[in-house]
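Written out below as structure tokens is the structure these notes cover.
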Amino acid sequence: RKDLEPHDDVVVMALDAATTGRLSIAYYNELRSSDFIDRIQHWHETCCWFFKWFNKKGVLVENVMSPITSNIIKYSFGNEENEILKVKDEIMKEQSQRIISCIVDKQLIPTDIVRSLFRNASRPQAYDSKKNYSLLLSTACAVIRKYHNDKIGKEIWKMQLDVSNTNRSYLFGRLLAVLEKVERSTYSKDESGREPNATRLQSVFVQRPLNTWGILEKDLVLYYAKLKPGSRKFYKDIIGNIVETLQEGDISQLNKSLDDVYLLGYYLQRKELNQYIKTDDIEKEEE
């Protein structure tokens, strides 16, 4: 904003070297600098999520930020090879132009990108690198949240856990996060790399949530037995509230495949549990 006057003209152009020595214009737009900057700012404020990484000191840090545009494409259409996500050059060029249009023209994010992120984020077992999956999940949540808010025209889907949200997919996403946390809470230090049953069955859970919940629920008895009474009550109360809310809806719809917003409930419930698991009751039990 300091370098450009509000009424300066800005040209956004994408060029493609179709053949040696020849360029074609793949994208072109002219707009005022004030509009250009406002649209970039709008993108970063509305397409954002929690991202984690290790800093130079090896400390895990978290920040709210917009996903890197090239990463949106990699996590949508790329394949993991030796823990590196790779995508073909032609796909990167084609999809980059579409993302630029979303930012500069304030277009709705294409549904095929949203679906790809949803599908890939629901298959954690397909990724050898936990870092890749963590970034994929955050990227998917950022894009899914923006897509639905833009489609509705207002911010319905927020970045804080909404325990009053009665959306079936959102509730099942929360339930999946609690089931995952309950099992992880029983692990010893030697089992830190082990994946919970809830994680391994996540792709099936998305397709048949009620049936898969029934399978995972049978194991809860074993996990509860390994927990302190305060921890056991804490998890049971959360699960009980979620199940009660689900039963208030249309029972015949409970086993239908989940919508992409389940990932928002899953991520935010998991984040909440990791931050606030130490309630007063649990602390007393663990002393």
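Restricting the search to the range 198-229, which residues are in a helix (DSSP H, G or I) and either touching a Cys at 6+ places or on another chain (Cβ under 9 Å) or buried (at least 16 other Cβ atoms within 10 Å of the Cβ) (or both)?
A198, T199, Q202, F205, V206, P209, T212, W213, L216, L220, Y223, Y224
Tally the residues that are of a type in the set (D, E, K, R) and exposed (fewer than 14 other Cβ atoms within 10 Å of the Cβ), restricting the search to the range 82-114.
7
Based on this model, can you work out whether V143 counts as buried (at least 21 other Cβ atoms within 10 Å of the Cβ), closer than 28 Å to I238 by Cβ, at pLDDT 95 or above and not hydroxyl-bearing (S, T, Y)?
yes
Look through the range 115-135, keep the residues that are of a type in the set (A, V, I, L, M, F, W, C) and open to solvent by 10 Å² or more (accessible area, probe 1.4 Å), and return whichever of them is farthest from C47 (Cα to Cα).
A126
Please go through the range 75-115 and give me each residue that is touching a Leu at 6+ places or on another chain (Cβ under 8 Å), farther than 21 Å from H148 by Cα and in a helix (DSSP H, G or I), ordered by number.
Once the filter is applied, which keeps residues that are touching a Leu at 6+ places or on another chain (Cβ under 8 Å), farther than 21 Å from H148 by Cα and in a helix (DSSP H, G or I), the range 75-115 yields nothing.
Residue by residue, here is whether (1) of a type outside the set (A, V, I, L, M); (2) without any contact (Cβ under 8 Å) to a residue 12 or more places away in the chain; (3) out of contact with any Ser or Thr (no Cβ under 7 Å at 6 or more places or on another chain) holds:
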site: V11; (1), (2), (3): no, no, yes
site: S24; (1), (2), (3): yes, yes, yes
site: L31; (1), (2), (3): no, no, yes
site: I40; (1), (2), (3): no, no, yes
site: C48; (1), (2), (3): yes, no, no
site: M65; (1), (2), (3): no, no, yes
site: N71; (1), (2), (3): yes, no, no
site: F77; (1), (2), (3): yes, no, no
site: I91; (1), (2), (3): no, no, yes
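So, in the range 19-53, of the ones that are part of a strand (DSSP E or B) and within 30 Å of N274 (Cβ to Cβ), which residue ends up modelled with the lowest pLDDT?
In this case the residue turns out to be W53.
Quick one: which residue in S185, S138, S169 is small (G, A, S), farther than 25 Å from L85 by Cβ, in contact with a helix residue (DSSP H, G or I) (Cβ under 9 Å, 6 or more places away or on another chain) and open to solvent by less than 10 Å² (accessible area, probe 1.4 Å)?
Only one candidate passes the filter, namely S169.
Can you tell me which residue within the range 147-166, out of those that are touching a helix residue (DSSP H, G or I) at 6+ places or on another chain (Cβ under 8 Å) and polar (S, T, N, Q), is surrounded by the fewest Cβ atoms within 10 Å (Cβ to Cβ)?
Q160
Without any contact (Cβ under 8 Å) to a residue 60 or more places away in the chain and of a type in the set (A, V, I, L, M): which single residue out of L222, L176 fits that description?
Being without any contact (Cβ under 8 Å) to a residue 60 or more places away in the chain and of a type in the set (A, V, I, L, M) holds for just one of L222, L176, which is L222.
The values are calculated or read from the model by the stated rules, or taken from the named source; none is laboratory data. Remember, it's a predicted structure, so these values are computed and weren't measured experimentally. Reconstructed Cβ throughout: ideal geometry from the backbone, glycine too, with neighbour counts over all protein chains shown. Side chains included, ligands, DNA and RNA excluded: accessible areas come from the protein's heavy atoms. Shrake-Rupley method; radii C 1.70, N 1.55, O 1.52, S 1.80 Å.
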